[in-house]
Amino acid sequence: MDYSDIQTIEHDVLVVGAGGAGIRAAIECAHHGLSTGIISKSLLGKAHTVMAEGGIAASLGNVDSRDNWKIHFRDTMRGGKFLNQWRMAELHAKQAPERVRELEEWGAVFDRTDKGLINQRNFGGHRYPRLAHVGDRTGLEIIRTLQDFCVHQGIATHMECTGLDIILDDNRVSGLLAYWRDTGRFVLFKTKAIIMATGGGGKAWKVTSNSWEYTGDGLGMAYRVGAELIDMEFTQFHPTGMVWPPSVKGILVTEGVRGDGGILLNSEGTRFMFNYIPEKFANETANTKEEASRWLEGDKEARRPPELLTRDVVARAIKKEVEEGRGSPNGGAYLDIASRRPAEFIKRKLPSMYHQFKELAEIDITEVPMEVGPTLHYFMGGIRVNSDNQETNIPGLFACGECAGGMHGANRLGGNSLSDLLVFGKLAGDGALHYVNSLTSKLICNNEDIGKVIKNATEILNRNEGNNPYLVHEELQNIMQNNVGIVRTGEELQIGLEKLDKIKSDIKKVYAHASAQYNPGWNEALDLVNLMVTSEAVTRAALLREESRGAHTRLDFEGEHEDGLRYNIIIKKTEQGMLAEKIIRESPSRELEEIAHASLDELEKGKNGE
Ligand SMILES: Cc1cc2nc3c(=O)[nH]c(=O)nc-3n(C[C@H](O)[C@H](O)[C@H](O)COP(=O)(O)OP(=O)(O)OC[C@H]3O[C@@H](n4cnc5c(N)ncnc54)[C@H](O)[C@@H]3O)c2cc1C
């Protein structure tokens, strides 16, 4: 067939996704003279990045001068239970301060300290106040700044344009087929390189802080052309999502509430986190209320309160309290900042939280505690990339931001995503630049490949009967929520896989019989294919990891196993279907290993080579 009448747009580099990672990557490419385009499912500025609340982690040392990249690196590795790609965690910790200052030069206005420096707040798992922030609306400031800067770089932004599949020429990237969401018309992007920056896939779960855009599209597109996924078993359940009213269940309550002094209580009024301090963190965590209060007042000798343990620990603790009958009326715990801080402080530092609870739950958080519970929040896993240039195993395909895996290991620290977007967005841009400049031959988009993508997409419109895509999505969410949740067993995962198999065949028969124009049923049906890849990948990887580590808890394999440190799990496409397999981890350099295991005293005093 001849597809020459399809709209065609050419760029040197096409960035898929206009969140922090995508825009930062595009800026790097355009800055070096490449013709650069960005496509996004929604409007420019409406990505997840805009929703980020608490802040961006970087060891600027503005509030506590003892902080430095080594301690940030150490915190990140410990938070990730030592499964992070060592080199990624190193690059991230070293380069985050530079990326934050650059953002400031481009116009971002962060909250200030008394001395006029960028202010930094405490967050779970970070040893020192490290999160640069703008109240609890940090993401808005970051995206606004990047967006402004990007439009002045001559980057072409194609909004409400959804990528469907990558086109390869001799196993190298040569294009991407997409459709305009309003008209339903197809558009072919001819390009030498693609940077995937589509974020995660939280919409595979019923209770999630993620928006409609998070359907794992980048993971699906990359997987289908042979890219590998890594660490997919590690899905982060944020401990504090709203639990009531039902219509807003899952919406995030920022960790900033606990960073600014909020405490967790059960229905008996007990501050229960003191009962859940893991041995590994005992030396660095306050074990009395009195010490925790001293820390809040700024006593540098006091240790951090247990509410600021890593997210996996806090989420499991809340779940346990509920299971043992000490939960709040709507199945969560109480998060109390009202009794800890004056109303004026809460309204100034946490304005979005104040409004969110006022508007959505008719609760004044300056007077009463909030009710909170775990919500699926973030994907540590994603597309496997080279740590230095973000290239995948498919030449010309790069990935950065939440859709790329490896940086956070088994658990991400709050604030480390926004810095990840900027650090690895830039590196992906650099990587694509070098790749494009090294190309010598012309690339072709094969008609047959284009035809296949169009056929798969239009079959849904042409069927006269079949499955309702919304109901199939709901069923998939039930499976992931019940079988691949915050705690898992081999038996439940196996049953989940069998149920997913049925969903896979249901997806082949979904229909949205109507015109492609303004057809949300069709949009939903197309998303399902990627949600399916994402869900299967998480479940298969979760079955293979027979231990409990970070965000992955197996009731049938309690605790971390020594052997679990030796491998990461990757997912790849084979002729027999999806395969999950263990790959042996690279050994770190001696310097990094020493830093990760050094005492804080050594690192604060600048030992270890500095
Ligand atoms: C409520 C909330 C609060 C958070 N707070 C913090 C915080 O304080 N600190 C922190 O570090 N992290 C925080 N996070 C996490 C962080 O915001 C995200 O991990 C991060 O913004 C992801 O950025 P990204 O650029 O990878 O993806 P996004 O910002 O989500 O951008 C993804 C882009 O991809 C596009 N896209 C997706 N699929 C397609 C497709 N098929 N075709 C075309 N475009 C597509 C989308 O339209 C969007 O433009 C928070 C997350 C949430 C949900």
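Coordinate-derived values only; no laboratory data. This one's a predicted model, so the numbers in the text were calculated from it and none came from an experiment. Glycine gets a Cβ as well: all are built from the backbone with ideal geometry, and neighbour counts include every protein chain shown.
Could you work out how far helix 138-151 tilts from the main Cα principal axis of the chain, as a 0 to 90 degree angle to the nearest 10? In the chain, helix 138-151 runs at an angle near 40 degrees to the longest axis. Pairwise Cα distances in the chain exceed 42 Å in 18 percent of cases. Share of pairwise Cα-Cα distances greater than 19 Å in the stretch 199-285 is 59 percent (whole percent). Look at TYR214, TYR354, TYR276, TYR128 and count the other Cβ atoms within 10 Å of each Cβ; fewest to most, that gives TYR276, TYR354, TYR128, TYR214.
For the stretch 231-364, the tally of Lys pairs with Cα-Cα distances below 18 Å comes to 5, considering only residues 8 or more apart or on different chains.
Over all directions, average the projected area of the Cα convex hull of the stretch 367-464 and note it in nm². Dividing the Cα hull surface by four gives the mean projection, 12.2 nm². Relative to the current alpha-carbon distance between GLU558 and LEU117, full extension at 0.36 nm per residue lengthens the span by 154.3 nm.
In the stretch 453-485, which residues have a backbone nitrogen under 19 Å from the label point lying 7 Å from HIS513's Cα in the Cα-to-Cβ direction? Residues 456-472 qualify, since their backbone N sits under 19 Å from the label point.
The string of couplings for the stretch 252-269 from the Karplus curve (6.51, -1.76, 1.60, θ = phi - 60°) is 6, 10, 4, 5, x, 4, 6, x, 8, x, x, 10, 9, 10, 9, 5, 8, x Hz, one whole number per residue in order, with x for Gly and Pro.
The alpha-carbon atoms of the stretch 34-98 define a convex hull whose volume equals 159 cubic angstrom per residue. Pair-distance distribution P(r) for the stretch 300-457, from all Cα-Cα distances in 5 Å bins starting at 0: 2, 7, 11, 11, 12, 13, 11, 9, 8, 6, 5, 4, 2, 0 percent.
If you bin all the Cα-Cα distances of the stretch 105-163 at 5 Å, starting from zero, the percentages per bin are 4, 15, 19, 18, 15, 11, 8, 7, 2, 0.
When each of PHE281, PHE424 is scored by the number of other beta-carbon atoms lying within 10 Å, the sequence from fewest to most is PHE281, PHE424. Rounded to two decimals, the Cα radius of gyration of the stretch 98-137 over 2.2 N^0.38 Å is 1.17. Remark: the GLU297-GLU591 segment gains 102.3 nm on full extension, using 0.36 nm per residue and subtracting the alpha carbon distance. Note on the chain: with charges restricted to the Cβ of Lys and Arg (+1) and Asp and Glu (-1), its dipole about the Cα centre is near 260 debye.
For the pair the stretch 374-410 and the stretch 10-59, the centres of their Cα atoms are 15 angstrom apart. Run the paramagnetic zone check for ARG340: 7 angstrom along Cα to Cβ, then residues of the stretch 239-257 with backbone nitrogen under 17 Å. Backbone N within reach: 239-242, 253-257. Sequentially through the stretch 292-302, phi angles give Karplus couplings (6.51, -1.76, 1.60; θ = phi - 60°) of 4, 5, 4, 4, 5, 7, x, 5, 6, 8, 7 Hz, Gly and Pro residues having no value and appearing as x. On the beta carbon distance between GLU465 and LEU360, with R0 = 51 Å, the FRET formula returns roughly 0.85. Taken over the alpha carbons of the stretch 70-140 as equal point scatterers, the Debye sum produces base-10 log I(q)/I(0) values at 0.26, 0.28 Å⁻¹ of -1.22, -1.27. Between SER505 and TRP106, full extension at 0.36 nm per residue minus the direct alpha carbon distance yields a gain of 138.7 nm. Axis of helix 469-483 versus longest Cα principal axis of the chain: the two differ by about 40°, to the nearest ten degrees. Short-range pairs are left out: with C-alpha atoms under 8 Å and at least six residues apart, the relative contact order of the stretch 197-288 is 17 percent. Using a Förster radius of 56 Å, what is the FRET efficiency between LYS442 and GLU290 based on their Cβ-Cβ separation? Nearest 0.05, please. With a Förster radius of 56 Å, E is 0.20.
The label-point distance for ASN283 and GLU575, in a model that sets each label 7 Å from Cα toward Cβ, rounds to 5.4 nm. Between SER4 and ARG224, the FRET efficiency estimated from the beta carbon spacing at R0 = 25 angstrom works out to 0.55. Here the translational diffusion coefficient of the stretch 34-192 follows from Stokes-Einstein with Rh set to the Kirkwood radius across Cα pairs; for 10 °C and 1.306 mPa s it amounts to 88 µm²/s. Taking amide H as placed 1.01 Å from N in the peptide plane, ASP111 has its amide H under 5 Å from the amide H of ASN119, HIS133, VAL134, GLY135, each at least 5 places away in sequence or on another chain. Across the stretch 107-122, coupling constants 3J(HN,Hα) worked out from phi with the 6.51/-1.76/1.60 Karplus curve, θ = phi - 60°, read x, 6, 10, 7, 4, 10, 7, 4, 8, x, 8, 4, 6, 9, 10, 6 Hz, and Gly and Pro carry x.
When you count the other C-beta atoms within 10 angstrom of each residue and take the mean per peptide, 514-526, 20-32, 461-473, 573-585 line up highest first as 20-32, 514-526, 461-473, 573-585.
Here the label points at LYS582 and GLU475, each 7 Å from Cα along the C-beta direction, are separated by 3.5 nm in the simple model. Against the chain, whose longest principal axis is taken from its Cα atoms, helix 20-31 shows a tilt of about 60°.
Close amide H pairs (under 5 Å, H built 1.01 Å from N) link ARG488 with THR553, ARG554, LEU555, residues at least 5 positions away or on another chain.
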